[in-house]
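The values are calculated or read from the model by the stated rules, or taken from the named source; none is laboratory data. On a predicted model such as this, the values are computed, not experimentally measured, just so you know. So basically every Cβ, Gly included, is an ideal-geometry build from the backbone, and we count neighbours across all protein chains shown.
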Amino acid sequence: MSSDYEISDDENEYYDEEDDEMEVDYDDGSASEIEVDAFGDDFKVAVRSERKLYEVDYTSLSQPEIEKIMQTDVDHISGIFGVEPAVAAQLLRHMNWNKERLIEKYMDNASSVAVAAGVELPPREPTPPPPKASSSRLSSTGPQRTTRRTTAENLKSSPKSKRTTPLVEESKEFVCPICFDDTQTEFMSLICEHKFCASCWKEYITSKVRTEAECKIACMAEDCNIVALDPFVEKALGDDRETWTRYQELLVRQFVSCIPHLKFCPYPSCTHTVSCPSAATKSSLITMVPIVTCGASNTHVFCFGCPIDTDHRPVVCAVAKMWLQKCRDDSETANWIKSNTKECSKCQSTIEKNGGCNHMTCKKCKYEFCWVCMGPWTEHGTSWYSCNRYEEKNSVDARDAQTKSRASLERYLHYYNRWANHEQSAKLSMELYTKTEKKMEEMQVTSELTWIQVQFMKKAVDVVFRCRMTLKWTYAMAYYLASGNEKELFEDNQRDLERAVEELSELIEAPIDPETIMTLRQKVTDKTVYVQKRNEIMLEDTAKGYLEGRWKWNVTVEGFDSA
Amino acid sequence: MAVSTRRLQKELADIKRDGTPVGITLLSAEDFATWYLSVEVLGNTVYEGEKFALKFRFDGQYPISAPAVQFVVDDTYQAPVHPHVYSNGHICASILGSEWSPVLSVVSVCVTIQSMLASCKKKERPPDNDRYVSHAPENPKKTRWDFHDDKYVPSSPRRSTVSVLTISRRSV
């Protein structure tokens, strides 16, 4: 544990750097609020500089910034172990960037770590050499490029531990054992001395990086564990800068995936990373919904805590996941079948009764039975529409089970329909906006209105969209909330927000003409402010509830005390 | 000339000159896209007296990427009953996937599969055979295998030529 001191020292440095970044980013964040403020007259929403309860502290980092952090770690390890930076980088990657563990293990047995990481050849002799000796050997692991002319030179510098039977004879008739192309003159090998031609290396690395998205390039020889270090990869790729760039991106991704407080932006081809230390642990996810936006674009909104690529506030990750799972799986289809169909008691065919009397004849096996009690029809005589055997125990049981699954289905559908409805309405309002925008553009030409005066519509649609997303997720939350006062309060907030959103929706759908636009504008603007406020209350109160542990679920939710 | 063609020419020339290891015979190699080889497991094994055929398919990426290898299942040949071989002929072997190395060759793949069969103690299909076969892609390379340590042959070491095996896999 003697290494502890050094680590903490370094981490201080690391976090200082992050703090700086954070401030820079914070400025970015408030810049967007200033944009809102441009319509200062219309929207008197207080621009508060401090973070809201339902927001989370985070920093967006670009790829070069992450590379800088990686470089700091590499330099640190390189300095302590006295190895080349490329070796240090590979050691860190091998240990998933857990510096503390790397230092501990390396101090314990440098050679075994280096062998496992693929930067040192496994020892030929049964007892590993003392760590001192190995670290000096590690510093000579740059790319070794040989041509026919320099073969002799290469022989001189080859390590002591040589294969007893060389794979290929080191004569001038050397042919690459992969392509057998005797016109190749340039060969490269890693410290294991497995020689292949430069063009095979290039093709191999390109295939690994491009097709397999793999940044760990092992030697091409069978069962060889030696890893190609960065300078070797760069040299082998030569003028293929595109693959080299992709390789570097993969390295950054590997680093980010190892660090709990970092997450790569999930948007296609985005290379930004978000750092969110407060949401780095699993236990933190029961008190917050860490929705973040990467620095590349303000549309790159995602959840830091789970793989859902949208803003799922106010529902915590575990509940959101359960809900999406429920919507996807067939549990409610099964429920529908259970509550709407019965099985023929003879051949078990599933039957849906869509009208008619209770005298059923199975289409498949021609069995005649009573729909109500499921007993054979012969015992019923002429009671076509009422079954006097209704109260028998097994028919009571059957009905109870059916009532239960019907109730469960109805409950689910209640929430699901509202969930789906908000999703649908949000989409429609975006479509409406595109239409309205066209109209507004026309109005700018035909009337005296200026650009800024017709912008209220855009703002209103944005707010409706955002609030519908909130509402959508509140239905997922309400489905799982245990009944009680807390749920009622939650539903009150939900209802207030919903009513406000619907009213605003109606307003923005109103026809626009130059005479009424000023009154409409005033109405829409006022309503937008109100809706925003309701949304804030909804989110704020749920966030507070999480912190206070106020929300109780009707099912067991991961991380929470059981229901 | 494409690398794959040159390489296969060389492999074919080697086979013609030096022959193939015992139990392995080249059945046909009419082009550089598909080859057939037969494999017999010699000695006292559960496959005594049986003969299997392997179908190799090469793309332009060979030998950088592995060939598609499977047992032939037709009127003449059947896939061996083995915990790593599905009844449609697909083989779950790590050297055909994540542990492929460009220095391996057609013959060395045959030898590996031969020794995989030789080490088998009990003839049985993979536990998920039916499920896999009903959804399997035509080309085994399209299946993404997850290789697990072999629980069927506990004595076989992790990195021996005998392959390590699947429990789960995802179709891609």
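Among all positions in region A:288-300, there is no residue which is part of a helix (DSSP H, G or I) and out of contact with any His (no Cβ under 6 Å at 6 or more places or on another chain). Of all residues in region A:272-286, those that are surrounded by fewer than 17 Cβ atoms within 10 Å (Cβ to Cβ) and either at positive phi or assigned to a loop (DSSP other than H, G, I, E, B) (or both) total 2. I need the full set of residues from region A:216-226 which are under 31 Å from the mean Cα position of the chain (by Cα) and either surrounded by fewer than 21 Cβ atoms within 10 Å (Cβ to Cβ) or at the interface with chain B (Cβ under 9 Å from one of its Cβ atoms) (or both), in order please. If the condition is that a residue be under 31 Å from the mean Cα position of the chain (by Cα) and either surrounded by fewer than 21 Cβ atoms within 10 Å (Cβ to Cβ) or at the interface with chain B (Cβ under 9 Å from one of its Cβ atoms) (or both), then A:216, A:218 are the ones that fit. Of the set (1) out of contact with any Phe, Trp or Tyr (no Cβ under 9 Å at 6 or more places or on another chain); (2) within 14 Å of another protein chain (Cβ to nearest Cβ); (3) surrounded by fewer than 16 Cβ atoms within 10 Å (Cβ to Cβ); (4) not charged (D, E, K, R), all apply to residue B:15 but (3). Among the residues of region A:379-390, is any at pLDDT 80 or above and assigned to a helix (DSSP H, G or I)? No, there is no match, as no residue in region A:379-390 is at pLDDT 80 or above and assigned to a helix (DSSP H, G or I). The lone criterion from (1) within 23 Å of residue B:124 (Cβ to Cβ); (2) hydroxyl-bearing (Ser, Thr, Tyr); (3) within 13 Å of chain A (Cβ to nearest Cβ) left unmet by residue B:101 is number (1). Note on region B:125-152: among residues that are more than 27 Å from residue B:65 (Cβ to Cβ) and surrounded by 13 or more Cβ atoms within 10 Å (Cβ to Cβ), the one that is modelled with the highest pLDDT is B:125. Taking only region B:60-74 into account, find how many residues are part of a loop (DSSP other than H, G, I, E, B) and surrounded by 15 or more Cβ atoms within 10 Å (Cβ to Cβ). Looking only at that region, the number is 9.
For region A:505-514, state whether one or more residues are more than 32 Å from the chain's Cα centre (by Cα), at pLDDT 90 or above and surrounded by 20 or more Cβ atoms within 10 Å (Cβ to Cβ). Scanning region A:505-514 turns up no residue that is more than 32 Å from the chain's Cα centre (by Cα), at pLDDT 90 or above and surrounded by 20 or more Cβ atoms within 10 Å (Cβ to Cβ).
Scanning region B:5-31 for residues that are outside any helix (DSSP H, G or I) and over 16 Å from residue B:110 (Cα atoms) yields B:30, B:31. Within region A:172-226, the set of residues being in a strand (DSSP E or B) and of a type outside the set (Ser, Thr, Tyr) comprises A:186, A:187, A:188, A:196, A:197, A:218.
Selection of region B:59-82 for residues being among the small types (Gly, Ala, Ser) and within 14 Å of another protein chain (Cβ to nearest Cβ) yields B:60, B:65, B:66.
Within region B:34-58, if we keep just the residues that are surrounded by 14 or more Cβ atoms within 10 Å (Cβ to Cβ) and assigned to a loop (DSSP other than H, G, I, E, B), the residue that is nearest to the other protein chains (Cβ to nearest Cβ) turns out to be B:58.
Out of (1) at pLDDT 90 or above; (2) in a strand (DSSP E or B); (3) not aliphatic (A, V, I, L, M), the odd one out for residue A:314 is which? Of everything listed in (1) at pLDDT 90 or above; (2) in a strand (DSSP E or B); (3) not aliphatic (A, V, I, L, M), residue A:314 misses just condition (2).
Considering every residue within region A:483-504, establish whether at least one is modelled with pLDDT of 80 or more, of a type outside the set (Phe, Trp, Tyr) and not in a helix (DSSP H, G or I).
yes
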